[in-house]
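Sharing a structure, written as structure tokens. Questions coming.
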Amino acid sequence: MAEISDSGGGHKGGKKRAKKQSTRIDMTPMVDLAFLLLTFFVLTATFSKPKSMELTFPAPLPPDQKVDEIKKGITILLSKENRIFYYEGQFRAADDDKGKKTSLSELDFSQDSKISLHKYLLEKNKPMQDQIKDLDAKHKKNLIQDSTFKRLVKERKANKESFTFLIKTDDKATYKNVIDVIDELNINVVGKYVMVDILKPEIDLLNEKIGSN
Amino acid sequence: MSKKPSKGGAPALDMTPMVDLAFLLVTFFMLTASFRMAEPVVVDPPSSIGQVDLPDNHIMVTIDDKGRAFFGISNSTAKMNALREMGKRYNVTFTEAQIIKFSGLPSIGVDLKDLPKYIDLKEDDRKNFQPQKGIPIDTITPNNQLKDWISFGGTEAVRTFEAAKIKAKESNSEFKSEKPRFAIKCASTTKYIYVKEVIKTFTDLKLYQFNLITTLEGGGTVIDPSK
């Protein structure tokens with residue numbers, strides 16, 4: 001490549017040879033440079049925009065408004081060392097006529113252990129998941145339109161009969177765990193979940209539980 | 001190649017198409033590349049199944065694993081105006097040159113009092129700038145600078161957005177930009193209480209919707225009815 005190759009016969013007169021010469025420029029350095037630049041730009045290019053998770057936090061209630069008791073509520077408590085606990089229904093500091101004292105059950109982030117959060121949610125939210133799957137199948141077969149599908153999914157998710165998940169963290173929980181829980185709720189198509197501040201009795205209960213194990 | 005290559009010489013190869021392609025790609029990457037300055041902190045967000053792209057027009061609060069908060073606005077006009085407002089609010093004067101320089105900076109994590117000094121530093125020195133303690137988020141004393149940043153940044157971002165919209169309408173060109181959104185980028189290992197503090201700052205300003213930045217998670221089947 002680097003040569004100016006002469007295509008004519010080698011041993012004839014200078015003038016004749018010059019006419020037949022085909023000029024070939026050595027492109028190697030240029031190609032080197034081109035690929036160097038290419039590599040640089042490919043490596044520095046940020047291809048994908050960062051993905052994100054949309055989350056809406058509850059607006060604080062006006063102080064005079066009374067909160068309805070959440071009937072089908074499940075509270076998930078997060079603490080240090082990736083530990084998560086839950087209890088169902090209203091928090092009770094002691095046994096009363098409506099129910100027993102709240103006790104915490106442990107969950108974990110694995111996919112297949114006995115106390116997997118994933119499995120727990122799968123079980124709890126089965127009816128909803130079946131409904132959504134059903135809708136999804138119909139949607140894929142074009143039996144229902146996009147807008148109808150979205151509306152129906154929204155309606156199903158807002159269903160009063162479905163569970164509401166309250167996510168609370170103590171001071172030691174990490175951001176990752178919060179995201180993991182929300183993620184798991186999203187995977188299991190839970191329609192209603194909310195981040196709430198933890199209450200003092202819940203922290204006490206949590207500490208007691210962690211301390212006892 | 002009809003010509004038989006001479007013994008010992010390298011076979012001549014026509015590289016023109018390859019070079020064409022290489023330069024085409026170089027041009028493409030050069031034109032699409034957007035250069036950014038290095039962020040003052042590197043945070044490693046957790047993974048999730050979130051599929052929503054981060055909007056181009058955003059106001060971002062970054063929280064590192066020590067709980068320091070950093071603030072950034074994607075739109076440089078809004079950023080400059082927000083700095084002017086902040087300067088007025090806290091009686092810190094910025095020169096016009098500083099304001100322009102500020103618009104090119106990535107997110108910042110210094111007290112407003114130290115900001116003029118910080119802006120004047122060379123890029124390499126900024127990393128080692130000592131008072132980089134994050135933007136103060138005092139919820140008790142009236143020195144919640146993050147709140148003011150968010151408040152001014154939010155108003156300015158919306159104003160810039162509206163102005164651009166009107167301008168596009170007047171000139172009948174297509175308007176692509178989206179409304180500014182608030183994003184929170186946070187390291188996996190950050191304690192949630194720090195995040196809570198930042199979120200409290202947002203909710204105090206009656207801002208309730210966020211994009212939490214996460215990396216994309218691989219694997220697993222997901223039913224995503226929202227799509």
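The values are calculated or read from the model by the stated rules, or taken from the named source; none is laboratory data. Everything quoted here is computed from the prediction, not taken from an experiment. A quick note on method: Cβ atoms are made from the backbone with ideal geometry, for glycine too, and the neighbour counts reach across all protein chains shown.
Within the stretch A:115-169, track down each residue that is out of contact with any helix residue (DSSP H, G or I) (no Cβ under 9 Å at 6 or more places or on another chain), among the aliphatic types (A, V, I, L, M), farther than 18 Å from residue A:77 by Cβ and not in a loop (DSSP other than H, G, I, E, B).
A:137
Further, regarding this structure: Quick one: in the stretch A:181-199, which of the residues that are part of a helix (DSSP H, G or I) and more than 7 Å from every other protein chain (Cβ to nearest Cβ) is surrounded by the fewest Cβ atoms within 10 Å (Cβ to Cβ)?
In this case the residue turns out to be A:185.
Sticking with this structure for a sec: Quickly run through the stretch B:24-51 and pick out the residues that are under 26 Å from residue B:105 (Cβ atoms), at pLDDT 75 or above and of a type in the set (S, T, N, Q).
B:32
So which of B:54, B:21, B:83 ends up being at the interface with chain A (Cβ under 8 Å from one of its Cβ atoms) and at pLDDT 75 or above?
B:54
Suppose the filter is more than 13 Å from every other protein chain (Cβ to nearest Cβ), of a type in the set (Ser, Thr, Tyr) and either under 18 Å from the mean Cα position of the chain (by Cα) or surrounded by fewer than 13 Cβ atoms within 10 Å (Cβ to Cβ) (or both); does residue A:162 pass it?
no
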